[in-house]
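Novice: Got a structure here, written out as structure tokens. Questions coming.
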Amino acid sequence: MLYLHDVWVNWFEGEENGYNVCDFHEWRKSDGIEILDQAPILLIDDQTYDYIENDLQDIPEAILDQIYQQAYVRKNQKRQPLDYACIITNGFSIMAFDTMGYHIPIRKSRLIPRQERLVLELLQGRTAETYPLPSHTKKEYHMLSLSPQYMNGLTRKERQLKQLLMIALDQLEVNQKIEEIRYWMTEWQPEKYHQIKNMTFEQAWYTLYQELIQGWSKKHEEFCRLISKGQAFYEDIWEREQASYTTKSLRSF
């Protein structure tokens, strides 16, 4: 088995979608960067890679058996094994994961560019291994776990704010208050006020959802600010992302 040493990782915990496991150019100085003393490298087929990168399901037993206590982290000058952690690649995309002792990829990280190149160099001429996957492997996306087509091309900040918008929109659907949804629909499209006041809750909510799910713009960001106002949980996420906008990324590795 091949290994990579002194691996810089920026763990994103509990992320089922690969688009939320940020590439190096989106890492922030406020992130908790960790160094793995050693990590095994696996070249796996595209389907298995996608299954691990874009879900939080059980990792194939064959992979777990291969990597058991093969990764190490150094803490207080001591080398401690991690039960199930490794670097996976399909020959193009690369990601590290750590199950934290479980059988699902709880923590995921990209690598720094220099180490990504090294992984691909080490695997030149090798063939990807294929692993049996559960029959129910088709990922289902929904409002709180958007399909990549609605997130591709967005920055880390924009993805976070778009997810915040979807959380707020989901809460509007739960509340089922016709005047509330009409109000927010009017904030989004004031020029359609006369049409909106005759909409049912379902019509207004679905129209707003279809508008907000597409792309990202200054209009989206301003609407997100407005709908977050007065909601402590929403405001905390909003303010955190605004603060992070001025945080310099880590580009010196």
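Novice: Does Gly91 meet the test of being assigned to a loop (DSSP other than H, G, I, E, B), surrounded by 14 or more Cβ atoms within 10 Å (Cβ to Cβ) and not acidic (Asp, Glu)?
Specialist: yes
Novice: Next question. Say whether the condition of being assigned to a strand (DSSP E or B), within 23 Å of Arg159 (Cα to Cα) and either at pLDDT below 95 or over 13 Å from the mean Cα position of the chain (by Cα) (or both) is met by at least one residue in segment 43-54.
Specialist: Checked against the condition, which is being assigned to a strand (DSSP E or B), within 23 Å of Arg159 (Cα to Cα) and either at pLDDT below 95 or over 13 Å from the mean Cα position of the chain (by Cα) (or both), segment 43-54 yields no hits at all.
Novice: Of everything in segment 94-122 that's without any contact (Cβ under 8 Å) to a residue 40 or more places away in the chain and assigned to a loop (DSSP other than H, G, I, E, B), which residue is surrounded by the fewest Cβ atoms within 10 Å (Cβ to Cβ)?
Specialist: So, considering only residues that are without any contact (Cβ under 8 Å) to a residue 40 or more places away in the chain and assigned to a loop (DSSP other than H, G, I, E, B), the one surrounded by the fewest Cβ atoms within 10 Å (Cβ to Cβ) is Gly101.
Novice: Now for a separate question. So, in segment 174-229, of the ones that are assigned to a loop (DSSP other than H, G, I, E, B) and open to solvent by less than 20 Å² (accessible area, probe 1.4 Å), which residue ends up farthest from Asn152 (Cα to Cα)?
Specialist: Gln189
Novice: Go through (1) surrounded by fewer than 20 Cβ atoms within 10 Å (Cβ to Cβ); (2) at pLDDT 95 or above one by one and return the number of the condition Ile67 breaks.
Specialist: Failing condition for Ile67: (1).
Novice: Might you let me know whether segment 150-165 holds any residue that is loosely packed, with under 14 Cβ neighbours inside 10 Å and basic (Lys, Arg)?
Specialist: The answer is no; no qualifying residue exists.
Novice: Given (1) open to solvent by less than 60 Å² (accessible area, probe 1.4 Å); (2) out of contact with any helix residue (DSSP H, G or I) (no Cβ under 8 Å at 6 or more places or on another chain); (3) in a loop (DSSP other than H, G, I, E, B), identify the lone condition not met by Asp58.
Specialist: The failed condition is (1).
Novice: Also, I was wondering about something else. What is the one condition in (1) open to solvent by 50 Å² or more (accessible area, probe 1.4 Å); (2) in contact (Cβ under 8 Å) with a residue 40 or more places away in the chain that His142 does not satisfy?
Specialist: The failed condition is (2).
Novice: What number of residues within segment 61-81 are assigned to a strand (DSSP E or B), touching a residue at least 24 places away in the same chain (Cβ under 8 Å) and of a type outside the set (Phe, Trp, Tyr)?
Specialist: Residues flagged as assigned to a strand (DSSP E or B), touching a residue at least 24 places away in the same chain (Cβ under 8 Å) and of a type outside the set (Phe, Trp, Tyr) within segment 61-81 amount to 5.
Novice: Next question, about the same structure. If I ask for residues that are in a strand (DSSP E or B), open to solvent by 30 Å² or more (accessible area, probe 1.4 Å) and not β-branched (Val, Ile, Thr), which ones from segment 29-42 would you list?
Specialist: Of the residues in segment 29-42, the ones in a strand (DSSP E or B) are 33-42.
When the remaining residues are screened for being open to solvent by 30 Å² or more (accessible area, probe 1.4 Å), the result is 33-35.
The answer is Glu34, and nothing else.
Novice: If you don't mind, another one. Hey, does segment 71-86 have a residue that's modelled with pLDDT of 95 or more, closer than 30 Å to Tyr150 by Cβ and out of contact with any Pro (no Cβ under 8 Å at 6 or more places or on another chain)?
Specialist: no
The values are calculated or read from the model by the stated rules, or taken from the named source; none is laboratory data. Since we're looking at a predicted model, the values are computed, not measured. Quick reminder, even Gly has a Cβ in these numbers, built from the backbone with ideal geometry, and neighbours come from all protein chains shown. Heavy atoms of the whole protein, side chains included, go into the accessibility calculation; ligands, DNA and RNA do not. Shrake-Rupley method; radii C 1.70, N 1.55, O 1.52, S 1.80 Å.
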